[in-house]
């Protein structure tokens, strides 16, 4: 009987310990700084870069290289302005001709278009864009500081 009582007591306390570790710890200051809603989420503009109509026409390697330097320069400018929160290419070719994505912290599609007009790969038709409102974690921008710590380039 003592063994059973000891086991039940141990089980009860272990449940209390695990329940406490699963408890939510809401940080209002952090949530407010990230413009999070009640769910810890917010709306971004998801930009899907697709192969553009002039991608195959621009075959000069030096010209393509310069256009892509401008593409990366524009991405850097959007990040420094606090607008680009996530970016990257698709890992493989796909039947949808999707090449990469940007996640922009702007309110409207027009704001996104304004930022993208400075990208020479878009201006020159290497890429074209689809822009969609996307609802995701307001904490997404926090990954940037860690990414810089693990990226050599």
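The table below lists the values:
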| quantity | calculated |
| --- | --- |
| Simple label model, 7 Å out from Cα along Cβ direction - residue 81 to residue 143, nm | 2.2 |
| Kirkwood Rh, angstrom, segment 31-150 [1 / mean 1/r, Cα pairs] | 15.2 |
| Nitroxide proxy distance, nm - points 7 Å out along Cα→Cβ at residue 113 and residue 95 | 3.1 |
| Sequence of 99, 64, 39 once ranked by neighbouring C-beta atoms within 10 Å, starting from the fewest | 39, 64, 99 |
| Computed E for residue 135/residue 54 - FRET, C-beta separation, R0 35 angstrom, nearest 0.05 | 0.60 |
| Residue order, fewest to most beta carbons within 10 Å, for 106, 47 | 106, 47 |
| 37, 105 arranged by Cβ crowding within 10 Å, fewest neighbours leading | 37, 105 |
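All of the numbers you see were taken from the coordinates with simple rules; none came from a lab. All values reported here derive from a predicted model rather than from experimental measurement. Glycine gets a Cβ as well: all are built from the backbone with ideal geometry, and neighbour counts include every protein chain shown.
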